[in-house]
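One structure is given below, encoded as structure tokens.
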Amino acid sequence: MDAPTPQDLATSVSTLLPRELRDIIYAYLWKPELPASLNYTALLNSRTKDCEFTHNDDGNEICLCDTDVTLVPDFARAVFVGYDFAREAVAWL
């Protein structure tokens, strides 16, 4: 049996937990200093549609919507957790 992917976990959280519990998860994930350094309004506005992808030489998907991925935590990047979870995590801010 293969290990679940981050996207599998995010889908399970989104479908199995009520919003109140998901809010607790988002509060835990967002470190207090991170929102101050992140332009989350621009990040949220840029997520009005699913990310477009390209592939590298190894066939791995590369998300084209993240310009400076060093400032965006993985749980807020659709390429890792899926569009719906990433959108809700950013909207929580």
Subset of the stretch 10-29 [assigned to a helix (DSSP H, G or I) and free of Cβ contacts under 8 Å to residues at least 40 places away in the same chain]: SER12, THR15, LEU16, ARG19, GLU20, LEU21, ILE24, ILE25, TYR28
Inter-residue pairs, beta-carbon under 7 Å, first among the charged types (D, E, K, R) and in the stretch 71-93, second assigned to a loop (DSSP other than H, G, I, E, B), 6+ apart: ARG77/ASP66; ARG87/ARG47
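Any read-out appearing in this document is the output of simple, stated calculations on the displayed coordinates, not a laboratory observation. No experiment lies behind these values; they were computed from the predicted model shown. Note: ideal-geometry Cβ built from the backbone for every residue, glycine included; neighbour counts use all protein chains shown.
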